[in-house]
1. What average count of beta carbons from other chains do you get within 10 Å of the Cβ of residues in B:88-99?
2. First check a/c for the range A:2-59, with a ≥ b ≥ c the square roots of the eigenvalues of its C-alpha gyration tensor; if it is under 1.5, answer rounded, and if not, answer prolate when a/b is larger than b/c or oblate otherwise.
3. Percent relative contact order of the range B:15-179, based on C-alpha pairs within less than 8 angstrom and at least six residues apart?
4. For B:V37, B:V64, A:V85, A:V50, what ranking results if the residue with the fewest other Cβ atoms within 10 Å of its Cβ goes first?
5. Quickly work out the A:L33-to-A:D63 label distance, labels modelled 7 Å from Cα along the C-beta direction, and quote it in nm with one decimal.
6. By its C-alpha gyration tensor, with a ≥ b ≥ c as the square roots of the eigenvalues, how is the protein assembly as shown shaped: rounded for a/c under 1.5, else prolate for a/b larger than b/c, else oblate?
7. Counting only other chains, and only Cβ atoms inside 10 Å, what mean value do you get across the residues of A:58-71?
8. For B:A188, project a label point 7 Å along Cα to C-beta. Then give me every residue of the range A:24-42 with its amide nitrogen under 15 Å of that point.
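Any read-out appearing in this document is the output of simple, stated calculations on the displayed coordinates, not a laboratory observation. Just so you know, these numbers come straight off a predicted model, no measurement behind them. Neighbour counts run over all protein chains shown; Cβ positions are idealised from the backbone, glycine included.
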Amino acid sequence: MTWELVLALGAGSYLLKMLGLVVIGDRPIPAALDRCLALIPAALIAAIIVSNTLSIGHHLQIDARLAGVSAAVVAASRRAPVLVVIVLGAAVTAVVRAIAG
Amino acid sequence: MATLRDPRVRPLLTSCLTLAMAIGVYAISFGVASVAVGASVAQTCALSLLVFTGASQFSAVAVVAAGGSAASAMSGALLLAARNTVFGLTMSRRLTGRLPKRLLAAQLVIDESTAMSTAQDEPQLQRLAFWITGGAIYIFWNLGTLIGALAGNAIDPRKFGLDAAIPAAFVAMLWPQLRTVRARLAAAIGATLCLITIPFLPIGMPILIASFGVLVGIPEPKPNEGRS
């Protein structure tokens, strides 16, 4: 690891964030684009969930995480508080992992 | 500004702090991993302070550890960070204000702060959720990194199921987004595209590809279409 790489990574990732929030974000945009932007969290969060639950690197893998995240889905669908959803997800995963070895 | 007396603020604070602490434990494992591949404690902490995007940091460290070039470490990490541009665009509607404030906010634009903010109903709570989540995670992420880098070895986050705590938190944040038919469709398409592309696209790219799901928003909504 070199300091050049550390600083370049820092600058690059900050610029990417700023590009969306400050540079592009100010301009008036067409209604259709606005409707699409409103759907970004749904599409991307769903993708983050399946990728964090069902994959390791390039491999699709079903393991204890699926049990934990499924429990989280049930809790969320019953409008449990976020705290309960998180703790339940981790706890079920830990238990299933411990039992399955 | 919503105050602490507001009954909606207390549960928001609790969930933000829980999430931040779970992420802090993950930061410990980043600190350990980074030092293990030869980065100094100062470099490891600088990565967390400046990059502040877990996936990018882990990928950069992994590529360096595998003997990859600086260019490949850079491109992999920035690909993973590219979704923050899209999240920044989403947040720009909610975070108006003076330029210095928005430049500061930009550093806190990450998956969790965007998701927690967009899960709220009112603009005031959306702004509050963004700053509390982003701020708390920034503190815990950097504290965890420092502890991990100094300790050199730490608890195994997998043993406590903490690898699933993060997707579980996202489940809680996704739920309120799914009130419209279009949002449910966008989520289903995004998740499917991501799963299909994981085996062959570079890591991080499938999550960006999921943004194609938002194209269901293009057609003019019918007058009777709405929440269901």
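1. Across the residues of B:88-99, the mean count of other-chain Cβ atoms within 10 Å is 5.
2. Oblate is the answer for the range A:2-59, as a/c is 1.5 or above yet b/c matches or exceeds a/b.
3. About 41 percent, as a whole number.
4. B:V37, B:V64, A:V50, A:V85
5. That separation, rounded to one decimal, is 4.2 nm.
6. rounded
7. 4
8. So the set is empty, nothing qualifies.
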